[in-house]
Amino acid sequence: MRRKILRASEDDDPMGVVSNLFDVAMVFAVALMVALVTRYNMTEMLSAEDFTVVKNPGKDNMEIITKEGQQINRYTPSADSDPSDGKRGKRVGVAYELENGNIIYVPE
């Protein structure tokens, strides 16, 4: 008779399985987000420091992404942008980083 009482209390909650699946899905989602952030080296986005990232440097689809405080700016240089808005630019040189950490700028 004692065994029957213990089993009855376990079988009363049919939604217990669903809540366990929800917990597993939440853990999986958080792990996936952490993996994506570390894979694409986006940990700078989560820090409080300001930074600048250049995607595809020197190519037609180049992008410059800057973070200043809480604001993230994205700049895509193109030939058809309006020069009056201050967001037009051109390539003026190349910067090289040496093995000792020094950066040399070579104008074109």
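The values are calculated or read from the model by the stated rules, or taken from the named source; none is laboratory data. Only a predicted model underlies this, so the values are computations on that prediction, with no experimental measurement involved. Ligands, DNA and RNA are stripped out before the accessible areas are found, and what is left, the full protein with its side chains, is counted by its heavy atoms. Shrake-Rupley method; radii C 1.70, N 1.55, O 1.52, S 1.80 Å.
Among the conditions (1) open to solvent by less than 90 Å² (accessible area, probe 1.4 Å); (2) within 27 Å of the chain's Cα centre (by Cα); (3) modelled with pLDDT under 80, Ala48 misses just one, which is (1).
Identify, from the list Ala35, Ala25, Ala95, the residue that is modelled with pLDDT of 80 or more, among the small types (Gly, Ala, Ser) and outside any helix (DSSP H, G or I).
Ala95
The set of residues in the stretch 51-77 being open to solvent by 100 Å² or more (accessible area, probe 1.4 Å) and assigned to a loop (DSSP other than H, G, I, E, B) consists of Lys59, Asp60, Gln70.
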